[in-house]
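In what follows, a single structure is set out as structure tokens and then discussed.
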Amino acid sequence: MKPITLSINETRQRREDFLRRIGGGIAIFPAAPTAIRNSDVEHEYRQDTDFYYLTGFEEPNAVAVLAPDHPEHRFVLFVQPKDREREVWTGWRAGDEGAKRDYGADAAFTMDKLDEELPKLAEKANRIYYRFGSDPAFDERLVGLMRRFQRQRQREGTGPTSVIDPAELLHEMRLIKTPQEIELLRRAIDITCEGHLAAIQALKPGAYEYEIEAAIGYAFRKNGSPRCGYASIVGAGANATVLHYTVNNCRIEDGDLLLIDAGAEFGYYTGDVTRTLPAGGRFTEDQAVLYQLVLDAQLAAIEAIRPGASFVEPHDIAVRILTEGMVRLGLLEGDVEKLIEDGNKFQNQPDAPAGYKKFYLHRTSHWLGMDVHDAGPYKVADEWRRLVPGMVMTVEPGLYISEDAEGVDPRYRGIGIRIEDDVLVTELGNEVLSARVPKSIEEIERIVGKSRNGA
Ligand code: GLY
Ligand code: MN
Ligand code: MN
């Protein structure tokens, strides 16, 4: 595969766009804090997504400042100093020179200069853009800075008076993907598909869920993905009815369905794909009926994705098809409209799930991008968002019938099914970016457990 990387031009354009939006203010983005796992071992580090979106810089212990009205230094990076001894242990550092040379910073300082330099950059700004809540230590630092500005304001009559969450502006940008973002996302989803195809081949009764997880992980890494976009879900039989099952330690039995929800990250973008497969290569009649119902709901929901449609339209379509099907199969009783209404009402309520929500608890879609549940509002002024080209969303209806589901024909108990694809909104409608992984019953039955050269 040809290498693709985030270009320095792309991050510059993102910053220019963001700088225009915050004119008069100054934005401060700390890098993601590191987290100790135990003793002197740290959890794997991944840069904060907003920070990376604007800088392309992956090192910890850094702060990015965007100051649109500063005469020379509109983009400033504070970074870890070059340190030969530390670099022997933890790897190469860009240092302040590298931050300017390789990341386009107008000025760069080492982190020990932050308290001295930040007030100078902010003194003419009338507001600060900063997101509280991700890094308590830095939050406190910012409060200290604001105290300083309060005193300065009294003395000089200048300086910021308010702190605003930058997410509203920045996440609006992240919601609509540029051509380069779509290229990176395509690659992440392509690698994700490779992982699912590897899982389809590796699947056989008697294998353990973690073996399938490993086959997926190997395909991801082999194709250049540095990490998963989220913990892989590989659940056999009734484990597939647990929405966030990630233990992945059970034996897969003949007759089980195996639900695999896994996504590879690439260039800080992630795929998010789910397939549900019969371990022995054939769906039972009951499994097939439920599977086809979920697939019908998914195909109809995807069909509704086009510019101008509302974000919730695919969900409403999927819910209707699933609910009608569940009534037809005797899983639910009553009037379809009422079951939909009761399910929708149940949203965020503590009582037992009602209506269709008894067997379909989550929404059909979320935005997809650098984060698996990507940034960007779903509603604006209480109205569902209208889709526009460049948005990317998942479509992932499912049915989850627990082993002990009351009042359910035993033949349907312990079945969990989800089918999830990643869909780009285009000028003409949509494109399913994860279409390479089969999902029809016939295709799945043809290839499960078979190597790709047909052996
Ligand atoms: N893999 C997480 C999700 O489907 O939303
Ligand atoms: Mn998803
Ligand atoms: Mn998923």
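Give me the Debye-computed log₁₀ of I(q)/I(0) at q = 0.07, 0.08, 0.14 Å⁻¹ for the chain, equal point scatterers on Cα only, no solvent, two decimals.
-0.43, -0.55, -1.28
Mind giving me the FRET efficiency for residue 97 and residue 244? R0 is 56 Å, r the Cβ-Cβ distance, nearest 0.05 is fine.
Computed FRET efficiency for residue 97 and residue 244 comes out at 0.80.
Give me the one-decimal Kirkwood hydrodynamic radius in Å for segment 212-320, with the sum taken over alpha-carbon pairs. Each step should come with its number before you reach the end.
Numbers: mean 1/r = 0.0639 Å⁻¹.
Over segment 212-320, the inverse of the mean reciprocal pair distance is 15.6 Å.
For segment 337-455, state the average projected area of the convex hull of the C-alpha atoms over all orientations, rounded to one decimal in nm².
Numbers: hull surface 46.3 nm².
With every direction weighted equally, the projected area is 11.6 nm².
Report the paramagnetic label zone for residue 124: residues of segment 148-185 whose backbone N is under 15 Å from a point 7 Å from Cα along the Cα-to-Cβ axis.
158-160
Using DSSP H assignments, which helices in the chain have an axial alpha-carbon span of 30 Å or above and a mean Kyte-Doolittle hydropathy of -0.5 or higher? Walk me through the intermediate numbers first.
On the way: long enough: 179-202 (34 Å, 0.13).
Those that pass (Cα extent of 30 Å or more, hydropathy at least -0.5) are 179-202.
What are the GluC sites (Glu not before Pro) within segment 7-53 that DSSP puts in a loop, where the Cβ has at most 14 other Cβ atoms within 10 Å?
On the way: sites: 10, 16, 42, 44; in loops: 44.
Answer in residue order: 44.
Quick one: what are the phi-derived ³J(HN,Hα) couplings along segment 426-434, Karplus 6.51/-1.76/1.60 with θ = phi - 60°, whole Hz, x for glycine and proline?
10, 4, 8, x, 7, 10, 7, 6, 10
Along the three principal axes, how long is segment 239-389 when you take its alpha carbons, biggest first, rounded to the nearest angstrom?
49, 47, 32
With θ set to phi - 60° and the Karplus curve 6.51 cos²θ - 1.76 cosθ + 1.60, what are the ³J(HN,Hα) couplings of segment 238-246 in order, to the nearest whole Hz, using x for Gly and Pro?
Once θ is set to phi - 60°, the couplings for segment 238-246 become 5, 4, 5, 8, 8, 4, 10, 5, 10 Hz.
Round to a whole angstrom and tell me the spacing of the C-alpha centers of segment 171-231 and segment 139-162.
46
Relative to the Cα centre, what is the charge dipole magnitude of the chain, using +1 at the beta carbon of each Lys and Arg, -1 at the beta carbon of each Asp and Glu, and rounding to the nearest 20 debye? List each step's numbers first, then the result.
Working: 56 positive and 74 negative charges, 225 e Å.
For this selection, approximately 1080 debye.
Could you compute the FRET efficiency for residue 310 and residue 165, with r as their C-beta to C-beta distance and R0 at 35 Å, rounded to 0.05? Mind dumping the intermediate values first?
Numbers: r = 25 Å, r/R0 = 0.72.
E(calc), rounded to 0.05, equals 0.90.
By DSSP, what percent of the beta bridges with both residues in segment 40-199 are antiparallel, rounded to the nearest 5? Provide the component values of the computation, followed by the final result.
Numbers: 4 of 11 bridges.
Around 35 percent of the beta bridges assigned by DSSP in segment 40-199 are antiparallel ones.
Of 200, 179, 229, which is farthest towards the positive pole of segment 174-290's charge dipole, taken about the Cα centre with +1 and -1 on the beta-carbons of Lys, Arg and Asp, Glu respectively?
It is 179, whose Cα lies furthest towards the positive end.
Per DSSP helix of 4 or more residues, -39500 (n - 2.57); summed, then divided by the residues of the chain. What does that give at 222 nm, rounded to the nearest 500? Each step should come with its number before you reach the end.
Values: 13 runs with 167 residues, N = 455.
Value at 222 nm, helices only: -11500 deg cm²/dmol.
Place a point 7 Å from Cα of residue 341 in the direction of its Cβ. Which residues in segment 285-322 have their backbone N less than 20 Å from it?
316-322
Quick one: check the C-alpha center-to-center distance for segment 384-449 versus segment 263-336, whole angstrom.
One Cα centre to the other: 4 Å.
Determine the dipole magnitude for segment 10-145: charges of +1 sit on the beta-carbon of Lys and Arg, -1 on that of Asp and Glu, nothing else is charged, the reference point is the Cα centre, and the result goes in debye to the nearest 20.
Numbers: 20 positive and 27 negative charges, 94 e Å.
The calculation lands at about 440 debye.
So between residue 426 and residue 406, what do we pick up on full extension, going 0.36 nm a residue minus the alpha carbon distance? Could the numbers behind the result be given before it?
Details: separation 20, 0.36 × 20 = 7.20 nm, distance 4.33 nm.
Taking residue 426 through residue 406 to full extension adds about 2.9 nm, to one decimal.
What is the gain in length, in nm to one decimal, between residue 156 and residue 141 on full extension, counting 0.36 nm per residue of separation less the C-alpha to C-alpha distance?
3.2 nm
Determine, for each peptide in 186-197, 421-432, the mean count of other beta carbons within 10 angstrom over its residues, then list the peptides with the highest first.
Working: 186-197: 24.2, 421-432: 18.4.
Those peptides, ordered most packed to least, come out 186-197, 421-432.
Show which lysines lie in cross-link reach of residue 120 when reach means a straight Cα distance below 30 angstrom and same-chain residues fewer than eight apart are skipped.
82, 100
Bear in mind that the values in this text are calculations on the coordinates, not laboratory data. Everything quoted here is computed from the prediction, not taken from an experiment. Note that we place each Cβ from the backbone using ideal geometry, even for glycine, and neighbour counts take in every protein chain shown.
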